[in-house]
Amino acid sequence: MWIDEGPIGGTQAPAPKRRPKVSRPDVDPSELIPLVGQKRAKTLSARIADAAVAFASERYPDARRILRPIVEEAPASATARELLGLTQYRLGNWADAARQLEALREITGNDVDQHPVLADCYRAQRKYALADELWVELREASPSAELVNEGRIVAAGALADRGRLADAVRELEKGWKAPKAPKYHHLRRAYALADLYERIGELPKARKLMAWVVSHDPEFADAAERAVSMG
């Protein structure tokens, strides 16, 4: 599974400023063998690895250029579809990102791993009913805490987009407790919740929570600047 660094369709939880060191992944050609044959599968898997490096390096147009012909040649490749969907998402091409990730759902039998990203694509297109449906599916599937957390952030953002700020706050507050050793997804959720607190005028709560994010990661997005601006 390819991991996206966080929804960007207008969410209140941006990706971090610093980037991890990029390493070339090993792409298993076995998925491609029944689609294009053993020899061609080896070539395409190497190309997908190239695309993965481009994606991780934020060279999204390069990743798209590599992946498009692979998807055309092997449309049933979940690996290529998933990475192309995430690439289009990062480029802000919401409609095509959704198309690729919907194709991925069909190939994988409705795997929920990319539900947060797909929901954010629909959110960006103001297709809120579809985004809401995906959140229900994800929540009921109860995958990893990190994945549910990402889905919750998108769901709250979709509520806020519709002017339902109080509902958005309640969504992010559900079960929230600041951990002593937070992981990245905890910081994303706290940032999103602090943003919503500020928007509804709960400045003390917003300030405290944003400062908590900064205390654990001073370089997290623009959290330091936001904390200062909140007084």
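Taken together, the values in this text are just the output of simple stated rules run on the coordinates, not laboratory data. Keep in mind it's a predicted model, so treat the numbers as computed, not measured. Please note: Cβ atoms are built from the backbone with ideal geometry, for glycine as well, and neighbour counts cover all protein chains shown.
In region 105-128, the qualifying residues are those that are under 23 Å from L44 (Cβ atoms) and not in a helix (DSSP H, G or I), and the one that is nearest to the chain's Cα centre (by Cα) is Q114. For region 179-231, the helices (runs of 4 or more DSSP H) that sit wholly inside it and include 2 or more residues that are of a type in the set (D, E) and buried (at least 18 other Cβ atoms within 10 Å of the Cβ) are 184-199. Only one entry of E140, E102, E82 meets the criterion of being among the acidic types (D, E), within 24 Å of K183 (Cα to Cα) and either over 16 Å from the mean Cα position of the chain (by Cα) or part of a helix (DSSP H, G or I) (or both), and that entry is E140. When D113 is tested against (1) surrounded by fewer than 16 Cβ atoms within 10 Å (Cβ to Cβ); (2) touching a residue at least 40 places away in the same chain (Cβ under 8 Å); (3) not hydrophobic (A, V, I, L, M, F, W, C), only condition (1) is not met.
Which count do you get for residues in region 119-176 that are among the hydroxyl-bearing types (S, T, Y), surrounded by fewer than 17 Cβ atoms within 10 Å (Cβ to Cβ) and either touching a strand residue (DSSP E or B) at 6+ places or on another chain (Cβ under 9 Å) or closer than 21 Å to W94 by Cα (or both)?
Qualifying residue count, region 119-176: 1.
Residues that are of a type in the set (K, R) and more than 16 Å from L209 (Cα to Cα) within region 161-176 comprise R162, R164, listed in sequence order. Give the residue that is surrounded by the fewest Cβ atoms within 10 Å (Cβ to Cβ), with candidates limited to residues of region 59-74 that are in contact (Cβ under 8 Å) with a residue 24 or more places away in the chain and more than 16 Å from A98 (Cβ to Cβ). The selected residue is P61.
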